[in-house]
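Report on the following structure.
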Amino acid sequence: MEIQRKAAPDTNTGTPRDALAQPAFRRIYIASFISNTGRWMQTAALGVLAWELTGSYAFLGQLIFAQLIPLAFLSLLGGALADTVDRRKLLLSTQVWQMLTTFGLAYLVSTGDVSRGSLAGLVFLIGLGQGVFAPAFTSILPSLVGRENLTAAVSLNSMQINGARVMGPAIGGWLTSQVGFTEVFVINAVSYLVVIAALAITALPPPTAKKASLSDRILGGFRIAFRHRPVGLALATMSMFSLFSLPFIGQMPAIADELLSIEPRSSAYGYFYAAFGLGALIGAGLVGTFLLRVAKGPVVRITLGGFAVSLALLAVNRSTALGFVLIFLVGLFYFTLPTTLNSFWQQHVDDTVRGRVAALWVLAFGGTVPVANL
């Protein structure tokens, strides 16, 4: 097993325009943006549905647990598979799984017979597909753009996720207030078809570690993190941040309703969630542009401080107008951090082990959040 002891000298030379000039990356990028918009429509609508059904802070946390816990126990498997099996077939199968289970969620809600258990169960099933898909998708970015465009590609991918986080909740909030939850879930299910079509016509490089042992496939990422300080620091920082600082995400409907007097089933709530996403979008964009060649350490420290202050102010604020400003700042600092850390560790590993380290990244970023929310 090899790791790159030092970032390649040309790792940071590519710009977002250079990355988007690669047809395969551009195709997957646009498809992912469409699908992620549908996903964020559904995420916002699910929180509102859960809050309307129960009015329970605890159930909001339990629903996030059901949605994200597959990342905790499947990300290592997904990373191992990304390094050893046909990546296109792996990504296609997980997208088909998520599409079918999302249609199942839409059908359940359409019947009107929704219980806590059935809702959490279907959300868990959808999450199973994402648990395998996320590390595999993260690991293919460098193969689509080249190492010289890596930081730009990571930043662009974060920007499309957060662009979707802006548009999705705004559209979802309006649709749920106008037509209902079922239609939002159906739209999200259909959006998976766009990614499926893009993957079907895109050639991905073959796996690079077919001869790796089973223990190396599953645990190889941990060995790299322990041996290589930059990788280990990035993963440890993200793990602690997710565990201690991100449970507020699962409580967004309650924050809007009880602290800021924003009705969760309204366009205003969609805009509130969109303000959070807009901040995250700008934060991710800064990493790929103005902060592209800035040392990562100071960026991480300033971001953590800014996040702490803005989240504390949101907690004590009761003004609706100021709440929009504060949630924007929370999003800005929140997503600058993982985008910076993601580009940092990606520069310090080679393609033969990238999937296994990507699995740890998904575990650090998303796998600890369900535990914190529960």
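Here's the picture: a label point sits 7 Å out from the Cα of Arg27 along the beta-carbon direction, and within the range 168-201 the residues with their amide nitrogen under 20 Å of it are 191-201. What does a probe at Arg293 reach in the range 17-34, counting residues whose amide N is under 16 Å from the point 7 Å along Cα→Cβ? Backbone N within reach: 17-18.
Surface composition of the chain: carbon plus sulfur atoms hold 68% of the accessible area, using a 1.4 angstrom probe and ignoring ligands, DNA and RNA.
In whole Å, what three semi-axes, largest first, describe the equivalent ellipsoid of the range 261-371 built from its Cα gyration tensor (square root of 5 times each eigenvalue)? If you can, show how the numbers build up before the last one.
On the way: eigenvalues 175, 54, 31 Å².
Gyration-tensor ellipsoid for the range 261-371: 30, 16, 12 Å.
For the range 275-374, the set of trypsin sites (Lys or Arg not before Pro) satisfying both a DSSP loop assignment and a count of at most 14 other C-beta atoms within 10 Å is given as Arg293, Arg318. When +1 charges are put on Lys and Arg Cβ atoms and -1 charges on Asp and Glu Cβ atoms, the dipole computed for the range 259-359 relative to its Cα centre reaches about 120 debye. For the chain, the longest principal axis of the Cα atoms and the long axis of helix 57-84 meet at an angle of about 20 degrees.
Rounded to the nearest 20 debye, the dipole magnitude of the range 46-163 is 180 debye, with +1 charges on Lys and Arg beta carbons, -1 on Asp and Glu beta carbons, and the Cα centre as origin. With all protein chains kept in place, the per residue accessible area of the chain amounts to 39 square angstrom at a probe of 1.4 angstrom. Which Cα, out of Trp174, Gly117, Ala315, lies furthest along the positive dipole direction of the chain (beta carbon charges, K/R +1, D/E -1)? Farthest along the dipole direction, towards plus: Ala315. With bins 10 Å wide beginning at 0, the percent of Cα pairs of the range 109-169 falling in each bin runs 18, 30, 31, 14, 7, 0.
Using Stokes-Einstein with the Kirkwood hydrodynamic radius over Cα pairs, what translational diffusion coefficient do you get for the range 1-138 at 10 °C and a viscosity of 1.306 mPa s, in µm²/s rounded to a whole number? The Stokes-Einstein estimate is 92 µm²/s.
Considering only protein heavy atoms, with the full assembly of protein chains and a 1.4 angstrom probe, order Phe137, Phe222 by accessible area, largest first.
Putting Phe137, Phe222 in descending order of accessible area: Phe222, Phe137.
Normalised by 2.2 N^0.38 Å, with N the number of residues, the alpha-carbon radius of gyration of the chain equals 0.94.
Given a Förster distance of 35 angstrom, what is the FRET efficiency for Ser110 paired with Asp86, based on the Cβ-Cβ distance and rounded to 0.05? In this case the efficiency is close to 0.45. About the centre of its Cα atoms, the chain shows a dipole size close to 1040 debye [charges on the beta carbon of Lys, Arg (+1) and Asp, Glu (-1) only; nearest 20 debye].
The values are calculated or read from the model by the stated rules, or taken from the named source; none is laboratory data. None of these values were measured; they are calculated from a predicted model. Positions of Cβ are generated from backbone atoms using ideal geometry, with glycine treated the same way; all protein chains shown enter the neighbour counts. The protein model used for the area step is the full one, side chains on, heavy atoms only, and it has no ligands, DNA or RNA in it. Shrake-Rupley method; radii C 1.70, N 1.55, O 1.52, S 1.80 Å.
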